[in-house]
Amino acid sequence: MIATTTPKNRPDKRDVLAQAILDGCPVSDLAQRFIAAGYSEKAAHYEARRALKDPLFNAAKTISNRVGKRDWTLDIYRRLHETETDGDRNIPVVDKIEPEIFFRDFHNRNRPVKLTGLVDHWPAMKRWTFDYLAQKIGNNVIELQGQRLSGEDYELVKDRYKRHVAFGEFIKLLRKTDSSNDFYITAYNDTVNKRALAPLWQDVGDIALLKASGGQDGFFWMGPKGTITPFHHDLTNNLLLQISGRKKVKMAAAYDLPQMRNHQHCFSLWSSSEEITAQGENAPTIWECEIGPGEAIFLPVGWWHHVEALDHTIGMSFTNFPVDNDFYTNYPSETAF
């Protein structure tokens, strides 16, 4: 038996209109949308005319047009950027960069750069071994993200995965773990860990690109090989620094927002770069690099990034640049994407 669409089982007209708006359907094609949904030709033209008189539909259509215009503008930046870089998607590497050059060529132009030679003077570069850390703060209770493998939403609802444990027990778990994404000390745990890790701050110093703070304005990261932070963008400029171990960082430019499947807050539905590149010509270009001990990467605000630990890692991240870094005050946090 061939199934047919009847007035009883065809989609509600509001669903048809909503999907048409999301798809960017021209007003002239609206009647065809209703016909395709199972409405008679007469009913389809009636609902299309009626929609054009509906203030809510027209407001939604206006917003859709504005979003389309912004996507068009972002594509201009993408095309111009590709021309300027001549298609080169390698993230540049600069050793001992001068602050003036960093801000002029990368920070102010919203471009990533891998940096070396920033923290060679830090005692932490030699001291922060598992044995040293266990001896120094092993009895202190720290906060981490735990049991992350119990759900795919570990980045969306971070509070659900907060756990507290003695730092020495965390070190023991690391020693016997080859690879895992189940537990990770992250920047999100900073409120508790800033106090718990206080004895360590004597081992870190200033970074020429940041406000002088003795490193204490940094966020501490530590976890096993295999930890993954999925594709997302930050609401500030960030400097991600490795003290031990290596991380693979994959990025997509801020102007590729329309292709990044931004479904909630600052997160993407893409689970891997392979998923993205499989989209062919419509896929955002993926930039990538590896950072190891003493190396850092500048993550420009709005740039999408996916980070995977290739070893057991210890690192820090910083946002205390000596220039305006407030891009979150007016962020539309309630916006549904």
- Item | Ellipticity estimate at 222 nm from DSSP helix runs (n ≥ 4, -39,500 (n - 2.57)) divided over the chain, nearest 500 | -8500 deg cm²/dmol
- Query: Which trypsin sites (Lys or Arg not before Pro) in region 46-83 pass both tests, a DSSP loop state and at most 10 other beta-carbon atoms within 10 Å?
  - Reply: LYS53
- May I ask you to list the lysines whose Cα is less than 23 Å away from that of LYS172, ignoring any residue fewer than eight positions away on the same chain? LYS126, LYS136, LYS162, LYS194, LYS225, LYS247
- Amide H of VAL113: which non-local residues (sequence gap of 5 or more, or other chain) have their own amide H closer than 5 Å, using H built in the peptide plane? PHE298
- Message: Suppose R0 equals 45 Å. What FRET efficiency, 1/(1 + (r/R0)^6) with r the Cβ-Cβ distance, do VAL141 and ALA59 give to the nearest 0.05?
- Response: 0.30
- Task: Treat the chain as a sphere of radius equal to its Kirkwood radius over Cα pairs and apply Stokes-Einstein at 20 °C in a medium of 1.002 mPa s; give the translational diffusion coefficient in µm²/s, rounded to a whole number.
- Result: 94 µm²/s
- Answer rounded, prolate or oblate for region 1-88, using the Cα gyration tensor with square roots of eigenvalues a ≥ b ≥ c: rounded when a/c is under 1.5, else prolate when a/b is larger than b/c, else oblate. prolate
- Message: Over region 1-88, what is the relative contact order in percent, taking alpha-carbon pairs closer than 8 angstrom and at least six residues apart?
- Response: 25 percent
- Task: Return a whole-number percent for the relative contact order of the chain, with Cα pairs under 8 Å and 6 or more residues apart as the contact set.
- Result: 18 percent
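Give me the extension gain from ASN108 to ASP206: residue separation times 0.36 nm, minus the current Cα-Cα distance, reported in nm with one decimal. Spell out each step's value before the answer.
On the way: separation 98, 0.36 × 98 = 35.28 nm, distance 2.15 nm.
Using 0.36 nm per residue and subtracting the Cα-Cα distance, I get 33.1 nm.
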- Task: Report the full-extension gain for the segment LYS69 to ASP217: residue separation times 0.36 nm, less the Cα-Cα distance, to one decimal in nm.
- Result: 49.4 nm
- Item | MET125/VAL27 FRET efficiency (R0 45 Å; Cβ-Cβ; nearest 0.05) | 0.15
- Hey, got a sec? Which GluC sites (Glu not before Pro) in region 109-168 land in a DSSP loop and have at most 13 other Cβ atoms within 10 Å? GLU152
- Query: For region 113-171, what is the convex hull volume of its Cα atoms per residue in Å³?
  - Reply: 133 Å³
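Bear in mind that the values in this text are calculations on the coordinates, not laboratory data. The structure displayed is predicted, hence computed values, not measured ones. So basically every Cβ, Gly included, is an ideal-geometry build from the backbone, and we count neighbours across all protein chains shown.
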